[in-house]
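Novice: A single structure is presented below for examination.
The values are calculated or read from the model by the stated rules, or taken from the named source; none is laboratory data. The structure displayed is predicted, hence computed values, not measured ones. Backbone-built Cβ (ideal geometry, glycine too); neighbour counts: all protein chains shown.
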Amino acid sequence: MTDAQPMIEAAGVIKNFRRKTDLAERIAMRVGLAQEPGTVHALDDVSLSIRRGEVVGLVGESGCGKSTFGRAVAGMLPLTGGVVRRNGQDIAKLKGAEARAMRLATQIIFQDPMSSLNPRKKVLEIIGEAPRLHGLVARGGVRNLVEGLMDQVGLDPAMINRYPHQFSGGQRQRIGIARALAVNPDFLICDESIAALDVSIQAQVINLLVRLRQDLSLTLLFISHDLSVVRYISDRVVIMYLGRVVESAPTDRVFAAARHPYTQALLEEIPRIDRRGHRFSSVKGEIPSPMNPPGGCHFHPRCPLAMDRCRVERPMLKQAGRDHAVACHLDGGFGRPKPTLFPTQSTLQAAESGLL
Amino acid sequence: MIAARIRGESMGARIARGLLSSPKATIAAIICVVLITSAILAPLIAPQNPYDLTEIDFFDAKLPPMSEGYTGMTYLLGTDGQGRDMLSAMLYGLRTSLAVGVTAGLLAMMVGTALGLVAAYRGGVIDSFIMRFVDLMLGFPTILVALMILVVFGQGVDKVILALVFVQWAYFARAVRATAMVETGKEYAEAARCLGIPAWRIMGGHILPNCLPPLIVIATIQVAGAIAAEATLSFLGIGLPITEPSLGLLIANGYQVMLAGLYWMSVYPGLLLLVLVFSVNIVGDRLREILNPRLAQ
Ligand SMILES: Nc1ncnc2c1ncn2[C@@H]1O[C@H](COP(=O)(O)OP(=O)(O)O)[C@@H](O)[C@H]1O
Ligand code: SF4
Ligand SMILES: [Mg+2]
């Protein structure tokens, strides 16, 4: 494996969802009594590469297509267009044993610690089922394996025969992590994996993921709607808006020198003192529906710097520095160099003291 | 239900506690248990074997309840036109009715559950196809469809069961699909797919166990429905053969002489059928309350 070849490469991935129609609806549409159901453009030409060992944070408002991207990369969704490659191979073209190996090598850690575990199964079965079924462990070794995994994620192996409802939210999330690790993946997709947990527990689970990443040399796609959460774990941050990647840069650079007005707005929205006081939804304006996205730059209805061109022409992702890509027409396609948008108390103070 | 989960109570314990907390349901459940036990033990507890001609005396025909017969035996509920002890005939009839109803209900449950699960899990065209068929089945009057099947295929226990399964599977399919759709959308089902667990195993081992509560309710109510439907078919003379009279056939036989004042031959089997179907339904309704998370307190 050379460094030049990314471990995961999504190229021009498109995913549309059409709401299912039944026969009666189709007839009604045929005779003009009902409208064609809208198509949701969940992923609109998304390209993103992940290097082996890298932790990529994927950030965007709810509904912008983060989960869909995660499912697409995991090979769980048929794509409308584009390809996802793993080590250079199109994962949709794999067959038989190779397809299974690829399926197991990518695992998802889900959001909801309640519904992501089958309430009628014991921890032993939840974690041990897949490795037993795939012959990754000898028949008699399942209990041992599960106990080892429980220990690894910080659960008391004595609780092996308990049911999910007997655990706390954080413990359940650890069970979900152990279940994923049981099939020896090298790539984990954490889809809002800590969003449903108490703040105090969030840090513990993040620390666990950081430790596991080091111990098992995992590659991580860390999905969150909260920019401040990905900061501590990601090497690189990718910002999505309405099914498109708008900016991608190393984490430090995103926080110090973001160029897309949307990213800059998100940064301004991270409250300086009480980080949990605000949510992204307070970026000015409502997030438009992915069913009927605005033309040109999707962000233009909310962008205070929008120009005529923004309404008609889609800005393409453009290199704006080493490892830094941005999709914005400003400054000749390199986006806005300084985060002077939406001045808040803190930026004003910073400006006064000559920091910006 | 959530509270019960947190207490770590098993489903069996929850059902038992729920039934006992309602006096009406408790009585109905006791009646069900007594009736089912008597049906199973009929050959042991019935005063005579009503279908062994050597035990029946024609001279005892048409005796009213509490009469002492020619043979010296007291007929608690009278005798029928052939001198058969009504109580014994009813116990054997109950046995037949229950056996047919439970067999048909369970078979319909298996067929309907399998189709409902596949419809929910596969979705798309398969789902549409199965559910069109379900809608069609649910749109026809049960007895009419069953009658048509029996007219085409002829009589017999197997044909009656076939007809009952045919008209009942759709109720199971509809109920299981609705729950299975919700379960399939949950993250644990997606996690199972991600872990490469085969589809049949996800359906049977992961989703089905979570569909059990509504399934138990529907099964109870459909067994009651099957018993009533079988009785109707037999009453109409197109159900079970005379050699294995169910409660429905006993009612039909007695009905012919009811206007002649020989009420007991028809009224007692009728009452027994009523009590049976009623009790099973009350238990079913109570199960619905216990197992439905939306109705739970
Ligand atoms: N299975 C689906 N069927 C139809 N629409 C879907 C489906 N999954 C996601 N969507 C739609 O696609 C868009 C992106 O969803 P999602 O990827 O879940 O966003 P996020 O994870 O960023 O909140 C949303 O508008 C959502 O409603
Ligand atoms: S392309 Fe135009 S509308 Fe879009 S972010 Fe840049 S300036 Fe704003
Ligand atoms: Mg999501």
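Novice: Can you tell me how many residues within the stretch A:126-176 are without any contact (Cβ under 8 Å) to a residue 12 or more places away in the chain and within 11 Å of another protein chain (Cβ to nearest Cβ)?
Specialist: The qualifying residues number 4.
Novice: Among the hydroxyl-bearing types (S, T, Y), more than 14 Å from chain A (Cβ to nearest Cβ) and under 15 Å from B:L164 (Cβ atoms), is that true of B:T243?
Specialist: No, not satisfied.
Novice: Moving on. Would you mind telling me which numbered condition in (1) surrounded by 20 or more Cβ atoms within 10 Å (Cβ to Cβ); (2) among the hydrophobic types (A, V, I, L, M, F, W, C); (3) within 19 Å of B:T96 (Cα to Cα) B:I202 fails?
Specialist: Of (1) surrounded by 20 or more Cβ atoms within 10 Å (Cβ to Cβ); (2) among the hydrophobic types (A, V, I, L, M, F, W, C); (3) within 19 Å of B:T96 (Cα to Cα), only one is false for B:I202: (3).
Novice: Oh, and also: In the stretch B:150-157, is there at least one residue being surrounded by 21 or more Cβ atoms within 10 Å (Cβ to Cβ) and not small (G, A, S)?
Specialist: Among the residues of the stretch B:150-157, not one is surrounded by 21 or more Cβ atoms within 10 Å (Cβ to Cβ) and not small (G, A, S), which makes the answer no.
Novice: Residues that are in contact with a helix residue (DSSP H, G or I) (Cβ under 8 Å, 6 or more places away or on another chain), surrounded by 15 or more Cβ atoms within 10 Å (Cβ to Cβ), farther than 25 Å from B:A224 by Cβ and within 14 Å of another protein chain (Cβ to nearest Cβ): does the stretch B:171-183 have at least one?
Specialist: Among the residues of the stretch B:171-183, at least one is in contact with a helix residue (DSSP H, G or I) (Cβ under 8 Å, 6 or more places away or on another chain), surrounded by 15 or more Cβ atoms within 10 Å (Cβ to Cβ), farther than 25 Å from B:A224 by Cβ and within 14 Å of another protein chain (Cβ to nearest Cβ), which makes the answer yes.
Novice: Same structure, new question: Could you check how many residues of the stretch A:72-88 are away from chain B (no Cβ under 14 Å), assigned to a loop (DSSP other than H, G, I, E, B) and surrounded by fewer than 15 Cβ atoms within 10 Å (Cβ to Cβ)?
Specialist: 2
Novice: Residue pairs, Cβ under 6 Å, 6 or more apart or interchain, first in the stretch B:46-71 and free of Cβ contacts under 8 Å to residues at least 12 places away in the same chain and outside any loop (DSSP other than H, G, I, E, B), second among the β-branched types (V, I, T) and surrounded by fewer than 17 Cβ atoms within 10 Å (Cβ to Cβ). List them.
Specialist: What qualifies is B:E68/B:T74.
Novice: Cβ-Cβ below 9 Å, separation at least six or inter-chain, first residue in the stretch B:208-231 and more than 14 Å from chain A (Cβ to nearest Cβ) and under 18 Å from B:G18 (Cβ atoms), second aromatic (F, W, Y) and in a helix (DSSP H, G or I): which pairs?
Specialist: From the stretch B:208-231, the pairs are B:I218/B:Y171; B:I218/B:F172; B:A219/B:F172; B:I221/B:Y171.
Novice: Whether any residue in the stretch B:126-142 is under 12 Å from B:L164 (Cβ atoms) and either in contact (Cβ under 8 Å) with a residue 12 or more places away in the chain or polar (S, T, N, Q) (or both) is what I want to check.
Specialist: Yes: the stretch B:126-142 contains one or more residues that are under 12 Å from B:L164 (Cβ atoms) and either in contact (Cβ under 8 Å) with a residue 12 or more places away in the chain or polar (S, T, N, Q) (or both).
Novice: Return the residues of the stretch B:119-144 that are surrounded by 15 or more Cβ atoms within 10 Å (Cβ to Cβ) and β-branched (V, I, T); say none if nothing qualifies.
Specialist: B:I130, B:V134, B:T142, B:I143 - these are the residues of the stretch B:119-144 that are surrounded by 15 or more Cβ atoms within 10 Å (Cβ to Cβ) and β-branched (V, I, T).
Novice: Could you tell me whether any residue of the stretch B:271-284 is within 23 Å of B:G78 (Cα to Cα) and free of Cβ contacts under 8 Å to residues at least 60 places away in the same chain?
Specialist: Yes, there is a match, as at least one residue in the stretch B:271-284 is within 23 Å of B:G78 (Cα to Cα) and free of Cβ contacts under 8 Å to residues at least 60 places away in the same chain.
Novice: How many residues does the stretch A:27-71 contain that are among the hydrophobic types (A, V, I, L, M, F, W, C) and surrounded by fewer than 20 Cβ atoms within 10 Å (Cβ to Cβ)?
Specialist: Final tally of qualifying residues: 6.
Novice: Right, another one. Is there a residue being on the phi > 0 side of the Ramachandran plot, away from ligand 2 (no atom under 16 Å from the Cβ) and modelled with pLDDT of 90 or more anywhere in the stretch A:38-57?
Specialist: Scanning the stretch A:38-57, I find at least one residue that is on the phi > 0 side of the Ramachandran plot, away from ligand 2 (no atom under 16 Å from the Cβ) and modelled with pLDDT of 90 or more, so the answer is yes.
Novice: Out of (1) in a loop (DSSP other than H, G, I, E, B); (2) closer than 22 Å to B:I227 by Cα; (3) among the hydroxyl-bearing types (S, T, Y), what's the single condition that is false for B:S88?
Specialist: (1)
Novice: Of the residues that make up the stretch A:61-68, is at least one within 16 Å of ligand 3 (Cβ to nearest atom) and within 14 Å of chain B (Cβ to nearest Cβ)?
Specialist: Taking every residue of the stretch A:61-68 in turn, at least one turns out to be within 16 Å of ligand 3 (Cβ to nearest atom) and within 14 Å of chain B (Cβ to nearest Cβ).
Novice: What number of residues within the stretch A:223-269 satisfy the criterion of being more than 16 Å from ligand 3 (Cβ to nearest atom) and not in a strand (DSSP E or B)?
Specialist: 25
Novice: So, of the residues in the stretch A:89-115 that are within 16 Å of A:A74 (Cβ to Cβ) and touching a Pro at 6+ places or on another chain (Cβ under 9 Å), which turns out to be farthest from the other protein chains (Cβ to nearest Cβ)?
Specialist: Within the stretch A:89-115, the match that is farthest from the other protein chains (Cβ to nearest Cβ) is A:A92.
Novice: Moving to a separate point now. Do you know which of the residues in the stretch A:267-316 that are within 14 Å of A:M240 (Cα to Cα) and either within 14 Å of chain B (Cβ to nearest Cβ) or at pLDDT 90 or above (or both) is farthest from ligand 2 (Cβ to nearest atom)?
Specialist: Out of the qualifying residues, it is A:M316.
Novice: Now for a different question. Answer yes if at least one residue in the stretch A:153-169 is aliphatic (A, V, I, L, M), away from ligand 3 (no atom under 16 Å from the Cβ) and out of contact with any helix residue (DSSP H, G or I) (no Cβ under 7 Å at 6 or more places or on another chain), and no otherwise.
Specialist: The answer is yes, given that some residue of the stretch A:153-169 is aliphatic (A, V, I, L, M), away from ligand 3 (no atom under 16 Å from the Cβ) and out of contact with any helix residue (DSSP H, G or I) (no Cβ under 7 Å at 6 or more places or on another chain).
Novice: Yes or no: the stretch A:103-112 includes at least one residue that is touching an Asp or Glu at 6+ places or on another chain (Cβ under 9 Å), closer than 30 Å to A:F299 by Cα, away from ligand 1 (no atom under 16 Å from the Cβ) and not acidic (D, E).
Specialist: No, because not a single residue in the stretch A:103-112 is touching an Asp or Glu at 6+ places or on another chain (Cβ under 9 Å), closer than 30 Å to A:F299 by Cα, away from ligand 1 (no atom under 16 Å from the Cβ) and not acidic (D, E).
Novice: For the stretch B:252-262, enumerate the residues that are free of Cβ contacts under 8 Å to residues at least 40 places away in the same chain and over 27 Å from the mean Cα position of the chain (by Cα).
Specialist: Of everything in the stretch B:252-262, those that are free of Cβ contacts under 8 Å to residues at least 40 places away in the same chain and over 27 Å from the mean Cα position of the chain (by Cα) turn out to be B:M258, B:L259, B:A260, B:G261.
Novice: Same structure, new question: Taking into account only those residues within the stretch A:286-315 that are exposed (fewer than 14 other Cβ atoms within 10 Å of the Cβ) and assigned to a helix (DSSP H, G or I), which is nearest to ligand 3 (Cβ to nearest atom)?
Specialist: So the residue we want is A:R311.
Novice: Something else: Can you say whether A:V142 is under 23 Å from A:R213 (Cβ atoms) and surrounded by 14 or more Cβ atoms within 10 Å (Cβ to Cβ), as far as the supplied structure shows?
Specialist: For A:V142, the condition - under 23 Å from A:R213 (Cβ atoms) and surrounded by 14 or more Cβ atoms within 10 Å (Cβ to Cβ) - is not met.
Conditions tested, residue by residue: (1) modelled with pLDDT under 95; (2) more than 16 Å from ligand 2 (Cβ to nearest atom); (3) on the phi < 0 side of the Ramachandran plot.
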{"site": "A:L188", "(1), (2), (3)": "no, yes, yes"}
{"site": "A:E192", "(1), (2), (3)": "yes, yes, no"}
{"site": "A:A195", "(1), (2), (3)": "yes, yes, yes"}
{"site": "A:S200", "(1), (2), (3)": "yes, yes, yes"}
{"site": "A:A203", "(1), (2), (3)": "yes, yes, yes"}
{"site": "A:I206", "(1), (2), (3)": "yes, yes, yes"}
{"site": "A:L212", "(1), (2), (3)": "no, yes, yes"}
{"site": "A:L220", "(1), (2), (3)": "no, yes, yes"}
{"site": "A:D226", "(1), (2), (3)": "yes, yes, yes"}
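Novice: Quickly run through the stretch A:316-333 and pick out the residues that are surrounded by 18 or more Cβ atoms within 10 Å (Cβ to Cβ) and either part of a loop (DSSP other than H, G, I, E, B) or within 16 Å of ligand 1 (Cβ to nearest atom) (or both).
Specialist: A:L317, A:A320, A:H324, A:A327, A:C328, A:H329
Novice: When you scan the stretch B:103-209 for helices (runs of 4 or more DSSP H) that lie fully inside it, which ones turn up with 2 or more residues that are closer than 30 Å to A:F17 by Cα and touching a Cys at 6+ places or on another chain (Cβ under 7 Å)?
Specialist: Correct list: B:157-184.
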